[in-house]
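The block underneath contains the structure these notes are about, expressed in C-alpha coordinates.
The values are calculated or read from the model by the stated rules, or taken from the named source; none is laboratory data. This is a predicted model, so every value here is computed, not measured. Note that each Cβ is placed from the backbone with ideal geometry, even for glycine, and that neighbours are counted across all protein chains shown. When the accessible area is computed, the model is the full protein with side chains, heavy atoms only, and any ligands, DNA or RNA have been set aside. Shrake-Rupley method; radii C 1.70, N 1.55, O 1.52, S 1.80 Å.
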Amino acid sequence: MAQEGNAGSGGGDRIAVEGKGVGGAATRSRARSRGCQATGVDVDGVLVRPVRRADLDRVIEIDSLVTGIEKRGYWLSVFRRYGKGDQPGRQFLVAEKDGRVAGFIIGEVRDWEFGAPPCGWVFAIDVAPEFRLAGIATRMLQAMRDCFRRSGVRKLRTILARENTLILSFFRSQGMMTGPFIPLEMDVDA
(Lines give C-alpha, C1' and ligand atoms only; values in the text may rest on other atoms or scores of the structure.)
Protein backbone atom coordinates (compact mmCIF):
# COMPACT_ATOMS: atom_id res chain seq x y z
CA MET A 1 0.00 0.00 0.00
CA ALA A 2 2.82 2.42 0.76
CA GLN A 3 6.42 2.83 -0.24
CA GLU A 4 9.60 3.41 1.73
CA GLY A 5 9.89 7.05 2.66
CA ASN A 6 6.13 7.38 2.86
CA ALA A 7 3.56 6.64 5.49
CA GLY A 8 4.17 3.07 4.58
CA SER A 9 6.81 0.52 5.15
CA GLY A 10 8.87 2.28 7.74
CA GLY A 11 9.47 5.47 5.87
CA GLY A 12 9.70 9.12 6.62
CA ASP A 13 6.10 10.08 5.89
CA ARG A 14 4.07 10.66 8.98
CA ILE A 15 0.43 10.85 9.94
CA ALA A 16 -0.48 12.92 12.96
CA VAL A 17 -3.50 13.13 15.24
CA GLU A 18 -3.69 16.39 17.14
CA GLY A 19 -5.03 16.83 20.67
CA LYS A 20 -7.28 19.55 22.03
CA GLY A 21 -5.41 19.86 25.31
CA VAL A 22 -3.36 22.83 26.41
CA GLY A 23 -0.35 22.76 28.64
CA GLY A 24 2.51 20.71 27.25
CA ALA A 25 3.73 18.24 29.86
CA ALA A 26 0.39 17.97 31.62
CA THR A 27 -1.31 17.09 28.35
CA ARG A 28 1.50 14.70 27.53
CA SER A 29 1.21 12.69 30.73
CA ARG A 30 -2.58 12.66 30.55
CA ALA A 31 -2.63 11.51 26.92
CA ARG A 32 0.13 8.97 27.32
CA SER A 33 -1.17 7.49 30.55
CA ARG A 34 -4.46 6.54 28.93
CA GLY A 35 -2.64 4.94 26.01
CA CYS A 36 -4.21 2.17 23.99
CA GLN A 37 -3.92 -1.52 24.31
CA ALA A 38 -5.44 -2.48 20.98
CA THR A 39 -7.38 -5.66 21.34
CA GLY A 40 -8.23 -7.65 18.28
CA VAL A 41 -11.82 -8.04 17.24
CA ASP A 42 -12.39 -10.40 14.35
CA VAL A 43 -14.68 -8.66 11.85
CA ASP A 44 -15.24 -10.27 8.46
CA GLY A 45 -12.30 -12.58 9.08
CA VAL A 46 -9.87 -9.68 9.77
CA LEU A 47 -8.28 -9.41 13.19
CA VAL A 48 -6.36 -6.22 14.07
CA ARG A 49 -4.11 -6.79 17.07
CA PRO A 50 -0.76 -5.79 18.59
CA VAL A 51 2.27 -7.18 16.78
CA ARG A 52 4.11 -10.19 18.22
CA ARG A 53 7.77 -11.03 17.73
CA ALA A 54 6.67 -14.05 15.65
CA ASP A 55 4.99 -11.62 13.17
CA LEU A 56 8.19 -9.76 12.36
CA ASP A 57 9.36 -12.02 9.51
CA ARG A 58 6.02 -11.51 7.74
CA VAL A 59 6.17 -7.72 8.32
CA ILE A 60 9.66 -7.70 6.79
CA GLU A 61 8.41 -9.81 3.88
CA ILE A 62 5.50 -7.41 3.18
CA ASP A 63 7.81 -4.41 3.35
CA SER A 64 10.34 -6.10 1.05
CA LEU A 65 7.63 -6.96 -1.49
CA VAL A 66 6.52 -3.34 -1.64
CA THR A 67 9.83 -1.49 -1.41
CA GLY A 68 12.14 -4.02 -3.04
CA ILE A 69 14.56 -3.71 -0.11
CA GLU A 70 14.89 -6.04 2.88
CA LYS A 71 15.60 -3.98 5.98
CA ARG A 72 15.77 -6.60 8.73
CA GLY A 73 17.90 -4.44 11.06
CA TYR A 74 15.54 -1.52 10.68
CA TRP A 75 12.49 -3.65 11.48
CA LEU A 76 14.16 -5.21 14.53
CA SER A 77 14.81 -1.69 15.79
CA VAL A 78 11.21 -0.63 15.10
CA PHE A 79 9.93 -3.69 16.92
CA ARG A 80 12.10 -2.89 19.97
CA ARG A 81 10.78 0.69 20.05
CA TYR A 82 7.13 0.14 19.13
CA GLY A 83 6.25 -3.53 19.33
CA LYS A 84 6.75 -4.38 22.96
CA GLY A 85 3.66 -2.51 24.16
CA ASP A 86 5.57 -1.06 27.12
CA GLN A 87 5.47 2.55 25.91
CA PRO A 88 2.07 4.22 26.23
CA GLY A 89 1.23 6.14 23.08
CA ARG A 90 3.23 3.83 20.79
CA GLN A 91 1.40 1.26 18.68
CA PHE A 92 2.55 -1.42 16.25
CA LEU A 93 -0.50 -3.29 15.03
CA VAL A 94 -0.97 -6.05 12.47
CA ALA A 95 -4.02 -7.24 10.57
CA GLU A 96 -4.47 -10.98 10.37
CA LYS A 97 -6.62 -12.64 7.70
CA ASP A 98 -7.00 -16.39 7.20
CA GLY A 99 -4.36 -16.94 9.89
CA ARG A 100 -1.71 -14.84 8.10
CA VAL A 101 -0.41 -11.34 8.79
CA ALA A 102 -1.87 -9.34 5.92
CA GLY A 103 -0.68 -5.85 6.88
CA PHE A 104 0.72 -3.59 9.56
CA ILE A 105 0.42 -0.04 10.89
CA ILE A 106 2.73 1.81 13.29
CA GLY A 107 2.14 5.08 15.08
CA GLU A 108 2.66 7.08 18.22
CA VAL A 109 1.39 10.09 20.12
CA ARG A 110 3.87 12.97 19.83
CA ASP A 111 3.75 16.20 21.80
CA TRP A 112 4.06 19.66 20.28
CA GLU A 113 5.64 18.56 16.99
CA PHE A 114 5.81 21.61 14.71
CA GLY A 115 4.09 23.67 17.42
CA ALA A 116 0.89 21.60 17.25
CA PRO A 117 -0.80 20.23 20.38
CA PRO A 118 -0.20 16.54 21.15
CA CYS A 119 -1.07 14.40 18.18
CA GLY A 120 -0.75 10.85 16.93
CA TRP A 121 1.58 10.07 14.03
CA VAL A 122 1.31 7.02 11.85
CA PHE A 123 4.58 6.54 10.06
CA ALA A 124 4.07 3.13 8.48
CA ILE A 125 1.11 1.33 6.96
CA ASP A 126 1.15 -1.44 4.42
CA VAL A 127 -0.91 -4.36 3.17
CA ALA A 128 0.47 -7.36 1.33
CA PRO A 129 -0.51 -7.12 -2.35
CA GLU A 130 -2.57 -10.33 -2.24
CA PHE A 131 -4.77 -8.87 0.54
CA ARG A 132 -5.39 -5.42 -0.94
CA LEU A 133 -8.84 -4.07 -1.80
CA ALA A 134 -10.40 -6.01 1.08
CA GLY A 135 -10.68 -3.11 3.55
CA ILE A 136 -7.68 -4.22 5.63
CA ALA A 137 -5.87 -0.86 5.57
CA THR A 138 -9.13 0.85 6.50
CA ARG A 139 -9.56 -1.49 9.47
CA MET A 140 -5.98 -0.89 10.65
CA LEU A 141 -6.29 2.89 10.31
CA GLN A 142 -9.57 2.79 12.25
CA ALA A 143 -7.93 0.75 15.03
CA MET A 144 -5.10 3.29 15.21
CA ARG A 145 -7.59 6.17 15.23
CA ASP A 146 -9.36 4.48 18.14
CA CYS A 147 -6.06 4.17 20.01
CA PHE A 148 -5.25 7.82 19.41
CA ARG A 149 -8.75 8.91 20.43
CA ARG A 150 -8.41 7.00 23.72
CA SER A 151 -5.06 8.74 24.21
CA GLY A 152 -6.83 12.10 24.12
CA VAL A 153 -5.78 13.36 20.69
CA ARG A 154 -8.19 14.48 17.99
CA LYS A 155 -6.45 15.17 14.64
CA LEU A 156 -4.83 12.79 12.14
CA ARG A 157 -2.10 13.98 9.75
CA THR A 158 0.41 12.52 7.34
CA ILE A 159 3.26 13.55 5.06
CA LEU A 160 3.57 11.62 1.81
CA ALA A 161 6.00 11.43 -1.08
CA ARG A 162 4.41 13.23 -4.03
CA GLU A 163 4.82 10.20 -6.29
CA ASN A 164 3.13 7.78 -3.91
CA THR A 165 -0.31 8.01 -5.47
CA LEU A 166 -1.43 4.65 -4.07
CA ILE A 167 -1.13 5.68 -0.43
CA LEU A 168 -2.33 9.21 -1.22
CA SER A 169 -5.49 7.76 -2.78
CA PHE A 170 -6.02 5.53 0.24
CA PHE A 171 -5.70 8.38 2.76
CA ARG A 172 -7.94 10.65 0.71
CA SER A 173 -10.54 7.88 0.56
CA GLN A 174 -10.45 7.92 4.36
CA GLY A 175 -11.30 11.63 4.44
CA MET A 176 -7.82 13.06 4.80
CA MET A 177 -6.89 16.29 3.02
CA THR A 178 -4.05 18.79 2.84
CA GLY A 179 -3.04 20.03 6.27
CA PRO A 180 -1.55 23.29 7.54
CA PHE A 181 2.14 22.35 7.31
CA ILE A 182 4.68 22.72 4.49
CA PRO A 183 7.56 20.21 4.51
CA LEU A 184 11.00 21.69 3.79
CA GLU A 185 14.35 19.97 3.35
CA MET A 186 17.95 20.57 2.32
CA ASP A 187 21.10 18.56 1.73
CA VAL A 188 23.25 18.59 4.88
CA ASP A 189 26.43 18.66 2.78
CA ALA A 190 25.40 21.89 1.01
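For the reader, a short list of remarks on this structure follows.
- Spin-label pair residue 149-residue 186: with each label point 7 Å from Cα along the Cα-Cβ axis, the two points sit 4.2 nm from one another.
- Per residue, the convex hull volume that the Cα atoms of the range 42-190 enclose (Å³): 144
- Along each principal axis, Cα extent of the range 110-171, largest first, Å: 38, 27, 14
- Förster radius 30 Å - calculated FRET efficiency between residue 132 and residue 87 (Cβ-Cβ, nearest 0.05): 0.50
- Low-density loop cleavage sites - trypsin sites (Lys or Arg not before Pro) in the range 87-171, where at most 14 other Cβ are within 10 Å (DSSP): 162
- Of 159, 69, the residue with the largest accessible area leads and the full order is 69, 159 (1.4 Å probe).
- In order along the range 174-182, phi translates into HN-Hα couplings of 8, x, 7, 9, 3, x, x, 9, 10 Hz, rounded to whole numbers, per the Karplus curve 6.51 cos²θ - 1.76 cosθ + 1.60 with θ = phi - 60° and x for Gly and Pro.
- Loop-located chymotrypsin sites (Phe, Trp or Tyr not before Pro) in the range 47-117, at most 14 other Cβ atoms within 10 Å (DSSP): 112
- Taking amide hydrogens as placed 1.01 Å from N in the peptide plane, the amide H of residue 51 sits under 5 Å from those of 92, 93, 94, each at least 5 positions away in sequence or on another chain.
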